[in-house]
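The values are calculated or read from the model by the stated rules, or taken from the named source; none is laboratory data. If you're wondering where the values come from, they're calculated on a predicted model, not measured in any experiment. All Cβ positions, even for glycine, are placed from backbone atoms using ideal geometry, and neighbour counts span all protein chains on display. When the accessible area is computed, the model is the full protein with side chains, heavy atoms only, and any ligands, DNA or RNA have been set aside. Shrake-Rupley method; radii C 1.70, N 1.55, O 1.52, S 1.80 Å.
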Amino acid sequence: MSRRPIVAGNWKMYKTTTEAVAFIDELAKLVGKDDDVAIYLAVPFTLIKPCSESAKGSSIVIGAQNMHDATEGAFTGEVAGSMLLDAGAKFVILGHSERRNIFKETNAFIHKKVQRALELKLHPILCIGETLEERNDEQTHSVLQEQLSECLKGASVDAINNNLTIAYEPVWAIGTGQVATPEMADDAHRFCRDWLRQNFNEDIAQNVRIIYGGSVNSSNCNGLFQKGDIDGALVGGASLQADKFYQIVESAKQRGSVV
Ligand code: PEP
(Lines give C-alpha, C1' and ligand atoms only; values in the text may rest on other atoms or scores of the structure.)
Protein backbone atom coordinates (compact mmCIF):
# COMPACT_ATOMS: atom_id res chain seq x y z
CA MET A 1 0.00 0.00 0.00
CA SER A 2 1.44 3.39 -0.90
CA ARG A 3 0.64 6.80 0.52
CA ARG A 4 -0.54 8.98 -2.36
CA PRO A 5 -0.25 12.64 -1.31
CA ILE A 6 -3.42 14.55 -0.43
CA VAL A 7 -3.84 18.28 -0.93
CA ALA A 8 -7.06 19.26 0.84
CA GLY A 9 -8.58 22.72 0.68
CA ASN A 10 -10.66 24.04 3.56
CA TRP A 11 -12.89 26.81 2.26
CA LYS A 12 -14.22 27.66 5.73
CA MET A 13 -17.20 30.07 5.41
CA TYR A 14 -16.42 31.43 1.95
CA LYS A 15 -17.96 31.30 -1.55
CA THR A 16 -21.39 31.45 -3.16
CA THR A 17 -22.62 28.65 -5.44
CA THR A 18 -21.64 30.63 -8.57
CA GLU A 19 -18.13 31.26 -7.25
CA ALA A 20 -17.73 27.64 -6.12
CA VAL A 21 -18.81 26.14 -9.45
CA ALA A 22 -16.50 28.51 -11.36
CA PHE A 23 -13.62 27.41 -9.08
CA ILE A 24 -14.30 23.70 -9.69
CA ASP A 25 -14.51 24.23 -13.46
CA GLU A 26 -11.18 26.08 -13.44
CA LEU A 27 -9.45 23.53 -11.19
CA ALA A 28 -10.83 20.56 -13.15
CA LYS A 29 -9.27 21.99 -16.34
CA LEU A 30 -5.90 22.39 -14.61
CA VAL A 31 -6.01 18.90 -13.10
CA GLY A 32 -7.16 17.10 -16.26
CA LYS A 33 -7.07 13.31 -15.85
CA ASP A 34 -4.16 13.48 -13.43
CA ASP A 35 -4.65 11.56 -10.20
CA ASP A 36 -1.10 11.41 -8.80
CA VAL A 37 -2.34 13.62 -5.97
CA ALA A 38 -5.67 13.22 -4.16
CA ILE A 39 -7.38 16.60 -4.39
CA TYR A 40 -9.94 17.21 -1.67
CA LEU A 41 -12.10 20.29 -1.12
CA ALA A 42 -13.97 20.78 2.16
CA VAL A 43 -16.75 23.19 1.27
CA PRO A 44 -19.61 24.79 3.26
CA PHE A 45 -22.66 22.51 3.63
CA THR A 46 -24.71 24.44 1.03
CA LEU A 47 -22.02 23.87 -1.61
CA ILE A 48 -21.57 20.11 -1.23
CA LYS A 49 -24.20 19.15 -3.79
CA PRO A 50 -23.41 21.72 -6.51
CA CYS A 51 -19.66 21.16 -6.10
CA SER A 52 -20.04 17.35 -6.22
CA GLU A 53 -22.03 17.68 -9.43
CA SER A 54 -19.46 20.05 -10.97
CA ALA A 55 -16.59 17.80 -9.93
CA LYS A 56 -18.07 14.70 -11.63
CA GLY A 57 -15.68 13.26 -14.20
CA SER A 58 -12.64 14.89 -12.51
CA SER A 59 -10.46 13.57 -9.70
CA ILE A 60 -11.60 16.36 -7.32
CA VAL A 61 -13.22 14.95 -4.18
CA ILE A 62 -15.76 17.02 -2.27
CA GLY A 63 -16.25 16.87 1.49
CA ALA A 64 -17.53 18.77 4.52
CA GLN A 65 -15.94 20.74 7.35
CA ASN A 66 -17.92 19.33 10.25
CA MET A 67 -20.83 17.05 11.24
CA HIS A 68 -22.81 15.97 14.29
CA ASP A 69 -22.37 12.46 15.66
CA ALA A 70 -26.09 11.68 16.03
CA THR A 71 -27.88 9.86 13.22
CA GLU A 72 -30.78 12.36 13.35
CA GLY A 73 -32.71 14.30 15.96
CA ALA A 74 -33.56 17.63 17.54
CA PHE A 75 -30.20 19.34 17.01
CA THR A 76 -31.10 22.68 15.47
CA GLY A 77 -28.47 23.91 13.03
CA GLU A 78 -26.55 20.63 12.92
CA VAL A 79 -25.94 18.18 10.06
CA ALA A 80 -25.66 14.37 10.30
CA GLY A 81 -22.99 12.32 8.52
CA SER A 82 -25.62 10.45 6.51
CA MET A 83 -26.89 13.82 5.21
CA LEU A 84 -23.38 14.71 4.06
CA LEU A 85 -23.14 11.42 2.16
CA ASP A 86 -26.56 12.05 0.68
CA ALA A 87 -25.39 15.44 -0.60
CA GLY A 88 -22.30 13.87 -2.21
CA ALA A 89 -19.57 14.36 0.43
CA LYS A 90 -16.88 11.69 0.57
CA PHE A 91 -14.92 12.99 3.57
CA VAL A 92 -15.32 15.27 6.56
CA ILE A 93 -12.89 17.43 8.54
CA LEU A 94 -13.31 16.77 12.27
CA GLY A 95 -11.74 18.55 15.23
CA HIS A 96 -10.51 21.61 13.34
CA SER A 97 -9.00 24.08 15.81
CA GLU A 98 -11.66 26.66 14.92
CA ARG A 99 -14.31 24.12 16.01
CA ARG A 100 -12.33 23.35 19.16
CA ASN A 101 -11.61 26.98 20.10
CA ILE A 102 -14.61 28.98 18.87
CA PHE A 103 -17.31 26.31 19.30
CA LYS A 104 -15.74 24.62 22.33
CA GLU A 105 -15.65 21.13 20.87
CA THR A 106 -13.93 18.66 23.19
CA ASN A 107 -11.92 15.55 22.38
CA ALA A 108 -14.85 13.51 23.76
CA PHE A 109 -17.29 15.07 21.28
CA ILE A 110 -14.82 14.78 18.39
CA HIS A 111 -14.34 11.10 19.33
CA LYS A 112 -18.08 10.47 18.88
CA LYS A 113 -18.02 12.18 15.50
CA VAL A 114 -14.98 10.17 14.37
CA GLN A 115 -16.70 6.94 15.40
CA ARG A 116 -19.82 7.86 13.43
CA ALA A 117 -17.86 8.96 10.35
CA LEU A 118 -15.88 5.68 10.37
CA GLU A 119 -19.08 3.70 10.74
CA LEU A 120 -20.57 5.54 7.73
CA LYS A 121 -17.34 5.16 5.72
CA LEU A 122 -17.26 8.94 5.43
CA HIS A 123 -13.49 9.43 5.46
CA PRO A 124 -12.53 11.59 8.48
CA ILE A 125 -9.65 14.06 8.39
CA LEU A 126 -8.91 14.33 12.08
CA CYS A 127 -7.23 17.62 13.02
CA ILE A 128 -4.88 17.81 15.99
CA GLY A 129 -2.28 20.34 17.08
CA GLU A 130 -0.85 22.36 19.92
CA THR A 131 -1.22 26.03 20.84
CA LEU A 132 1.81 28.34 20.97
CA GLU A 133 1.77 28.24 24.74
CA GLU A 134 1.83 24.44 24.72
CA ARG A 135 4.72 24.42 22.24
CA ASN A 136 6.68 26.90 24.34
CA ASP A 137 6.06 24.69 27.38
CA GLU A 138 7.42 21.70 25.41
CA GLN A 139 4.01 20.04 25.58
CA THR A 140 3.60 19.40 21.82
CA HIS A 141 4.02 15.62 21.98
CA SER A 142 1.84 15.20 25.05
CA VAL A 143 -0.95 17.30 23.50
CA LEU A 144 -0.81 15.25 20.28
CA GLN A 145 -0.79 12.03 22.29
CA GLU A 146 -3.85 13.11 24.28
CA GLN A 147 -5.77 14.22 21.19
CA LEU A 148 -4.95 11.02 19.30
CA SER A 149 -5.76 8.74 22.26
CA GLU A 150 -9.05 10.44 23.06
CA CYS A 151 -10.29 10.98 19.49
CA LEU A 152 -9.35 7.50 18.23
CA LYS A 153 -10.26 5.61 21.41
CA GLY A 154 -11.72 2.17 20.58
CA ALA A 155 -11.34 2.58 16.80
CA SER A 156 -10.66 -0.77 15.16
CA VAL A 157 -7.81 -1.50 12.76
CA ASP A 158 -10.36 -2.48 10.10
CA ALA A 159 -12.29 0.79 10.49
CA ILE A 160 -9.29 3.08 10.09
CA ASN A 161 -7.34 1.12 7.48
CA ASN A 162 -7.50 3.22 4.28
CA ASN A 163 -10.25 5.29 5.89
CA LEU A 164 -8.53 7.91 8.05
CA THR A 165 -6.30 10.92 7.49
CA ILE A 166 -4.66 12.86 10.29
CA ALA A 167 -3.99 16.59 9.85
CA TYR A 168 -1.30 18.01 12.10
CA GLU A 169 -2.27 21.66 12.41
CA PRO A 170 -0.39 23.68 15.01
CA VAL A 171 -2.94 26.24 16.21
CA TRP A 172 -0.39 29.08 16.10
CA ALA A 173 0.19 28.45 12.38
CA ILE A 174 -3.45 28.52 11.23
CA GLY A 175 -4.34 31.68 9.34
CA THR A 176 -1.34 33.54 10.79
CA GLY A 177 1.16 33.37 7.93
CA GLN A 178 3.53 31.71 10.42
CA VAL A 179 4.15 28.28 8.90
CA ALA A 180 5.91 25.55 10.93
CA THR A 181 9.39 24.74 9.66
CA PRO A 182 9.63 21.45 7.76
CA GLU A 183 11.67 20.10 10.70
CA MET A 184 9.02 21.03 13.29
CA ALA A 185 6.25 19.52 11.18
CA ASP A 186 8.30 16.40 10.42
CA ASP A 187 8.96 15.83 14.11
CA ALA A 188 5.23 16.04 14.91
CA HIS A 189 4.32 13.78 11.99
CA ARG A 190 6.90 11.18 13.03
CA PHE A 191 5.51 11.30 16.55
CA CYS A 192 1.97 10.64 15.20
CA ARG A 193 3.17 7.77 12.99
CA ASP A 194 5.00 6.18 15.93
CA TRP A 195 1.82 6.56 17.98
CA LEU A 196 -0.16 4.74 15.27
CA ARG A 197 2.47 1.97 15.23
CA GLN A 198 2.31 1.55 19.01
CA ASN A 199 -1.47 1.76 19.30
CA PHE A 200 -2.55 -0.05 16.11
CA ASN A 201 0.09 -1.79 14.00
CA GLU A 202 2.84 -1.33 11.41
CA ASP A 203 0.42 -1.44 8.44
CA ILE A 204 -1.70 1.33 9.90
CA ALA A 205 1.41 3.41 10.63
CA GLN A 206 2.49 2.99 6.99
CA ASN A 207 -0.95 3.49 5.40
CA VAL A 208 -2.52 6.40 7.28
CA ARG A 209 -1.69 9.70 5.64
CA ILE A 210 -0.59 12.52 7.90
CA ILE A 211 -0.91 15.95 6.30
CA TYR A 212 0.29 19.31 7.57
CA GLY A 213 -1.88 22.42 7.87
CA GLY A 214 -1.09 25.98 8.91
CA SER A 215 -0.34 28.84 6.50
CA VAL A 216 0.68 26.52 3.65
CA ASN A 217 1.09 28.26 0.29
CA SER A 218 2.81 27.66 -3.03
CA SER A 219 6.07 29.24 -1.76
CA ASN A 220 6.52 27.20 1.42
CA CYS A 221 5.01 23.80 0.51
CA ASN A 222 8.06 22.39 -1.29
CA GLY A 223 10.18 22.23 1.85
CA LEU A 224 7.36 20.53 3.75
CA PHE A 225 6.72 17.97 1.01
CA GLN A 226 10.37 16.95 1.01
CA LYS A 227 9.90 15.33 4.41
CA GLY A 228 9.00 11.64 4.12
CA ASP A 229 6.35 11.67 6.85
CA ILE A 230 4.47 14.68 5.45
CA ASP A 231 1.89 13.25 3.05
CA GLY A 232 0.34 16.47 1.85
CA ALA A 233 -1.35 19.57 3.17
CA LEU A 234 -4.59 20.96 4.56
CA VAL A 235 -4.83 24.43 3.09
CA GLY A 236 -7.12 27.25 4.21
CA GLY A 237 -6.49 30.71 2.75
CA ALA A 238 -4.45 29.49 -0.23
CA SER A 239 -7.25 27.13 -1.31
CA LEU A 240 -9.62 29.93 -2.29
CA GLN A 241 -8.07 30.62 -5.70
CA ALA A 242 -7.91 27.69 -8.13
CA ASP A 243 -4.56 28.62 -9.72
CA LYS A 244 -2.81 29.18 -6.35
CA PHE A 245 -4.27 25.96 -4.95
CA TYR A 246 -3.19 24.05 -8.04
CA GLN A 247 0.42 25.20 -7.55
CA ILE A 248 0.40 23.35 -4.22
CA VAL A 249 -1.02 20.26 -5.96
CA GLU A 250 1.85 20.46 -8.48
CA SER A 251 4.42 20.55 -5.66
CA ALA A 252 2.84 17.52 -4.03
CA LYS A 253 3.03 15.75 -7.38
CA GLN A 254 6.82 16.22 -7.43
CA ARG A 255 6.97 14.49 -4.07
CA GLY A 256 5.04 11.46 -5.36
CA SER A 257 3.72 8.54 -3.31
CA VAL A 258 5.60 6.97 -0.41
CA VAL A 259 5.64 3.20 -0.84
C1 PEP B 1 -6.98 25.49 7.97
O2 PEP B 1 -8.03 26.13 7.91
O3 PEP B 1 -7.02 24.31 8.27
C4 PEP B 1 -5.73 26.19 7.66
C5 PEP B 1 -4.62 25.50 7.77
O6 PEP B 1 -5.81 27.51 7.30
P7 PEP B 1 -4.60 28.39 6.68
O8 PEP B 1 -3.99 27.59 5.55
O9 PEP B 1 -5.26 29.63 6.19
O10 PEP B 1 -3.62 28.62 7.77
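For segment 6-243, the residue among V31, T165, Q206 whose Cα projects farthest onto the positive side of the dipole built from Cβ charges is V31. Computed on protein heavy atoms with a 1.4 Å probe, the accessible areas place T76, T181 in the order T76, T181, largest first.
Take every Cα pair under 8 Å whose residues are at least 6 apart in sequence, average their separation, divide by the length of segment 6-243, and the relative contact order is 19 percent. Each label point was placed 7 Å from the Cα along the Cα-to-Cβ direction; for E72 and E53 their separation is 2.4 nm.
When you restrict to C-alpha pairs under 8 Å that are six or more residues apart and normalise by the size of segment 185-259, the relative contact order lands at 30 percent. The residues of the chain expose, per residue, 44 Å² of accessible area to a 1.4 Å probe.
Ratio to report: Rg/Rh of segment 6-243, with Cα atoms as the point set and Rh obtained by the Kirkwood method; give two decimals.
Details: Rg = 16.8 Å, Rh = 17.9 Å.
Reported Rg/Rh (Cα atoms, Kirkwood Rh): 0.94.
The length gained by stretching the chain between T16 and K29 to full extension, at 0.36 nm per residue less their Cα-Cα distance, is 2.7 nm. Take every Cα pair under 8 Å whose residues are at least 6 apart in sequence, average their separation, divide by the length of segment 42-133, and the relative contact order is 28 percent. The charge dipole of the chain, taken about its Cα centre with unit charges on the Cβ of Lys, Arg, Asp and Glu (plus for the first two, minus for the last two), comes to roughly 520 debye. Descending by average beta-carbon neighbour count within 10 Å, the peptides 109-118, 17-26 line up as 109-118, 17-26, the highest first. Sequence neighbours fewer than 8 away in the same chain don't count; with that in mind, list the aspartates and glutamates whose C-alpha is under 20 Å from K253. K253 reaches E26, D34, D35, D36, D186, D229, D231, D243.
Apply the a/c threshold of 1.5 to the C-alpha gyration tensor of segment 58-109 and tell me whether it is rounded, prolate or oblate. Cα axes put segment 58-109 in the oblate bin.
Here, segment 159-259 has an Rg and a Dmax of 13.4, 40 Å when only alpha carbons are counted. Projecting the Cα positions of G129, C151, L118 onto the charge dipole of segment 104-154 (unit charges on Cβ atoms of Lys, Arg, Asp and Glu, taken about the Cα centre) puts L118 furthest along the positive direction.
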